[in-house]
Amino acid sequence: MDALARIVTGSAVVDPALVEELVAARRRDDPLEALSVREREVLALMAEGRSNAGIARRLWVTGGTVEKHISSILTKLNLHDGDDDHRRVLAVITFLKAR
């Protein structure tokens with residue numbers, strides 16, 4: 001009856017089990033789940049178009065540390081070396097799609 005009353009007043013009613021399933025599916029399909037908080041920060045800055053030096057300055061770390069984070073990000077996102085693709089761009093696209 002409560003659901004019908006809410007529908008009559010123009011509210012939406014969504015089954016809690018459906019919401020739970022949708023949230024669980026989102027978690028399962030999140031390619032960024034394997035990344036650490038710092039790696040996500042680095043990837044977000046990459047998505048802003050920052051260079052490695054710019055990321056290093058922003059996070060108060062060395063350029064070498066940024067390179068290690070980026071290498072780890074590329075590995076965790078399963079982006080391997082290849083002549084046809086730019087892995088950094090693919091990582092950023094993955095980040096943007098996951099948001």
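The values are calculated or read from the model by the stated rules, or taken from the named source; none is laboratory data. Nothing here was measured: the structure is a model prediction, and the numbers come from that model. Glycine also receives a Cβ, built like all others from the backbone with ideal geometry; neighbour counts cover every protein chain displayed. Accessible surface areas use protein heavy atoms only, side chains included; no ligands, DNA or RNA. Shrake-Rupley method; radii C 1.70, N 1.55, O 1.52, S 1.80 Å.
Worth pointing out:
- Residues of segment 54-75 classified as surrounded by 16 or more Cβ atoms within 10 Å (Cβ to Cβ) and within 14 Å of Glu41 (Cβ to Cβ), total: 9
Here's the yes/no breakdown for (1) charged (D, E, K, R); (2) free of Cβ contacts under 8 Å to residues at least 12 places away in the same chain:
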position	(1), (2)
Pro31	no, no
Ala34	no, no
Arg50	yes, yes
Ser72	no, no
Lys76	yes, no
Gly82	no, yes
Asp85	yes, yes
Leu90	no, no
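- Residue match in segment 13-24 (condition: open to solvent by less than 40 Å² (accessible area, probe 1.4 Å), aliphatic (A, V, I, L, M) and at pLDDT below 95): yes
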